[in-house]
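What follows is a single structure, written as structure tokens, with notes after it.
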Amino acid sequence: MAEKKLKFNTKAIHGGQTPDKAYGAVMPPIYQTSTYAQTTPGGHQGYEYSRSNNPTRAALERAVASIENGNFGLAFASGLAAIDAVVKLLQPGDEVISTNDLYGGSYRLFKKVFEHYGIKFHFIDMQDCETIGGYVNENTKLIWVETPTNPMMNIIDIKGVSKIAREHKLLLAVDNTFATPFLQTPLDLGADIVMHSATKYLGGHSDVVLGVLVVNDKRLADRLYFIQNASGAICGPMDSFLVLRGIKTLHVRMQRHCENGKAIARFLEDHDKIEKVYWPGLESHPNHHVAKTQMNDFGGMISFVIEGNRYEDAVRIVERLKIFTLAESLGGVESLAGHPASMTHASIPKAEREKSGIVDALIRLSVGIEDVNDLIEDLRQAIA
Ligand SMILES: *Cc1c(COP(=O)(O)O)cnc(C)c1O
């Protein structure tokens, strides 16, 4: 496809898109319909029923495929519905090797839903990808990678993992929600499936819940399309439209998220009340060398630990923030702050979560695209 040669900023706006055939609408219309008229049984224009296919959803699916440098996109009701479809490629007895510092909802879906269906999951630290080989046996079918991880911002070497996946003929899926294709394109690094919670950066405005998958292989796309249609966890046309609109500004938003992220990471690193800062762009980050090779920049997600590691200090700081909103989720234009120990990761026992670094005084920021000096002042007054 000639389109693959276009630069990212052009693909974000035009990738997979042509003016609508009916009236030349530049933005794809919201085809709010469940069904489509047929002239004779089976005589239709490619659309029969909106669970199977819908023109607005199809426009979004082409757009995400384009920005991820993939051939096929599939859109779902949520990020978790997209992950659900990937695991449904497997059968009872199959095994999955997954990163351990994982989005809580992904962990819950794997452990509390799919383990009941006889699928086994190994959650391991993949910062040294050579350890993966030790968990591979004849039942292993899938490697699940999240990078950067949530909330510790560990970076997993996608190319390194893909070499191992290839060697053992395993599928490799990468949750690219934190990085977005502006920062890294896992299919180019050897992944078979890219997954997004488009709820976050792709949508970008905290107004929609949606998930996507992108693949290159036609047979894999067909199997996933079968599951998408058979299980039915599709997204509606209005939500598809909102994410499509979000994607058109992804590159400008990400550029500012990265700039603001860098300034805030440096501010926190220099602050004498802050013990640790986790942002993959810092030289002090343990996987900075991997981040530098596979990412174009380092994003707006930052975690940090308050000196003394007191639970109450972290709670007081997130309560005192005025511009940063205390809320779950991430990736919107507005800045958010969260306290993993009491919010997203509260269900994980303290000893367990501390093993992966989620201590009591860890705060996670989703740095938005407001004026960076205002954001820094807000942090300064809250930490003081
Ligand atoms: C939010 C999120 C998900 C789940 O997506 P939903 O759209 O909330 O279902 C999966 N992975 C990561 C990294 C996320 O941040």
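Worth pointing out:
- Ratio of Rg to Rh for the chain: 0.98 [Cα atoms; Kirkwood radius as inverse mean 1/r over pairs].
- For Gly160, net neighbour charge (Lys/Arg +1, Asp/Glu -1) across residues whose Cβ lies under 13 Å away: -1
- Scalar couplings 3J(HN,Hα) for the range 217-228, obtained by applying the Karplus form with A = 6.51, B = -1.76, C = 1.60 to θ = phi - 60°, are 7, 5, 5, 5, 4, 5, 5, 5, 5, 4, 5, 4 Hz; x denotes Gly and Pro.
- Degrees, to the nearest 10: 250-270 long Cα axis against longest axis of the chain: 10 degrees
- Farthest toward positive dipole pole in the range 251-383 [+1 Lys/Arg, -1 Asp/Glu at C-beta], among Gly338, Ser356, Tyr278: Ser356
- With a Förster radius of 41 Å applied to the beta-carbon distance between Met238 and Asp272, the computed FRET efficiency rounds to 0.25.
- Tilt relative to the chain, helix 55-67 - C-alpha long axis, 0 to 90 degrees, to 10: 50 degrees
- Using the Cβ of Thr131 as centre and a radius below 13 Å, the other residues enclosed give a net charge of -4, where K and R count +1 and D and E count -1.
- Nonlocal amide H pairs with Leu326, under 5 Å, H built at 1.01 Å: Ala337
- Think of each Lys and Arg Cβ as +1 and each Asp and Glu Cβ as -1; about the Cα centre, that makes the dipole of the chain roughly 1020 debye.
- FRET efficiency for Arg108 and Asn373, using Cβ-Cβ distance with R0 set to 41 Å, rounded to 0.05: 0.60
- Distant-in-sequence amide H partners of Tyr103 (H built 1.01 Å from N, under 5 Å): Asn150
- Sum of side-chain charges, Ala77 neighbourhood, beta-carbon under 12 Å (Lys, Arg +1; Asp, Glu -1): 0
- Taking the DSSP beta bridges with both ends in the range 165-318, the antiparallel portion is around 75 percent.
- Table column - 3J(HN,Hα) (Hz), the range 350-367, Karplus curve with 6.51, -1.76, 1.60, x for Gly and Pro: 3, 4, 5, 6, 5, 4, 9, x, 7, 7, 4, 9, 7, 10, 10, 10, 9, 6
- Taking every DSSP helix (H) stretch of at least 4 residues in the chain, weighting each as -39,500 (n - 2.57) and dividing the sum by the residue count yields a mean residue ellipticity at 222 nm of -10000 deg cm²/dmol.
- Unit charges at the beta carbon, dipole of the range 97-195: most positive-side option, Asn150, Ile124, Met195: Met195
- Cα-based convex hull volume of the range 335-380 per residue, rounded to whole Å³: 72 Å³
- A DSSP coil position with no more than 10 other Cβ atoms inside 10 Å describes the following GluC sites (Glu not before Pro) in the range 94-157: Glu138.
- Under-5 Å amide H pairs with Asp94, H placed in peptide plane, nonlocal only: Lys120
- Basic side chains Lys and Arg get +1 at the Cβ, acidic Asp and Glu get -1 at the Cβ, and with that the dipole of the range 5-57 about its Cα centre reaches some 320 debye.
- Across the range 279-291, coupling constants 3J(HN,Hα) worked out from phi with the 6.51/-1.76/1.60 Karplus curve, θ = phi - 60°, read 8, x, x, 7, 4, 6, 5, x, 10, 4, 5, 6, 3 Hz, and Gly and Pro carry x.
The numbers here are math on the coordinates, done by the rules we state, and not lab data. These figures come from a predicted structure and were not determined experimentally. FYI the Cβ positions are ideal-geometry reconstructions off the backbone, even for glycines, and counts take in every protein chain you see.
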